[in-house]
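What follows is a set of notes on a single structure, which appears directly below.
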Amino acid sequence: MVKIGLEISAILENVAQISTIGDEFRWYVKLKCTSCGEVSSAWQYLSLDESTETKGGRGSASMVQKCRMCGRENHVDIIKEHLSSYTSESDGTFSKIAGFECRGMEPVEFDFRSGWVVSSACSKATFNDADFSESEWYEYDENANQSVGVTELKYRFVKL
Ligand SMILES: [Zn+2]
């Protein structure tokens with residue numbers, strides 16, 4: 001069993017924090033089978049509100065699937081305790097926002113997509129369902145008459 005962390009980096013303009021809310025947030029990843037090296041060609045998502053029983057019914061995981069190349073049953077599970085917000089203190093540097101428990105397959109690519117919650121640093125305004133698919137995002141905080149933005153979004157996976 002390997003634990004993999006997802007770290008992101010972003011430049012925040014008048015933004016206090018970026019977070020995900022609720023169990024339905026979808027983490028879009030491409031997964032690599034660690035037995036044979038096959039990487040899934042399609043994006044798949046991991047979400048806390050979906051889980052599948054593992055073989056033999058010994059437990060469950062966010063995703064259970066057989067590798068289409070070698071036939072092994074692999075699992076990935078979201079580690080709830082590792083879910084975290086990205087705050088202005090991390091501005092421009094990598095910080096962990098999620099962790100995954102991996103058995104037989106590991107995430108190797110991440111797609112930000114949408115569903116993020118951005119909190120303004122200038123007022124109590126929050127912007128729901130922010131779309132980060134272009135690796136940048138801009139809005140206007142009308143309470144504070146300030147533009148808010150998230151740019152230079154990057155990610156990396158690290159072993160925990
Ligand atoms: Zn395989």
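The values are calculated or read from the model by the stated rules, or taken from the named source; none is laboratory data. These figures come from a predicted structure and were not determined experimentally. Ideal geometry is used to build each Cβ from the backbone, glycine not excepted, and the neighbour counts take in all protein chains shown. When the accessible area is computed, the model is the full protein with side chains, heavy atoms only, and any ligands, DNA or RNA have been set aside. Shrake-Rupley method; radii C 1.70, N 1.55, O 1.52, S 1.80 Å.
Assorted remarks:
- Residues of the range 61-76 satisfying the condition of being farther than 12 Å from L31 by Cα and either crowded, with 20+ Cβ neighbours inside 10 Å or more than 9 Å from the ligand (Cβ to nearest atom) (or both): A61, S62, E73
- Some residue of the range 22-35 being free of Cβ contacts under 8 Å to residues at least 60 places away in the same chain, acidic (D, E) and farther than 23 Å from T126 by Cβ: no
- Condition check for K124 on (1) assigned to a loop (DSSP other than H, G, I, E, B); (2) touching a Ser or Thr at 6+ places or on another chain (Cβ under 7 Å): one failure, at (2).
- In the range 39-58, the residues that are surrounded by 10 or more Cβ atoms within 10 Å (Cβ to Cβ), at pLDDT 85 or above and in a loop (DSSP other than H, G, I, E, B): S40, W43, S47, L48, D49, E50, S51
- Candidates are the residues of the range 18-38 that are open to solvent by 40 Å² or more (accessible area, probe 1.4 Å) and within 16 Å of the ligand (Cβ to nearest atom); the one that is nearest to the chain's Cα centre (by Cα) is K32.
- Candidates G99, G104, G115 - the one that is part of a strand (DSSP E or B), of a type outside the set (D, E), under 15 Å from the mean Cα position of the chain (by Cα) and over 23 Å from G149 (Cβ atoms): G99
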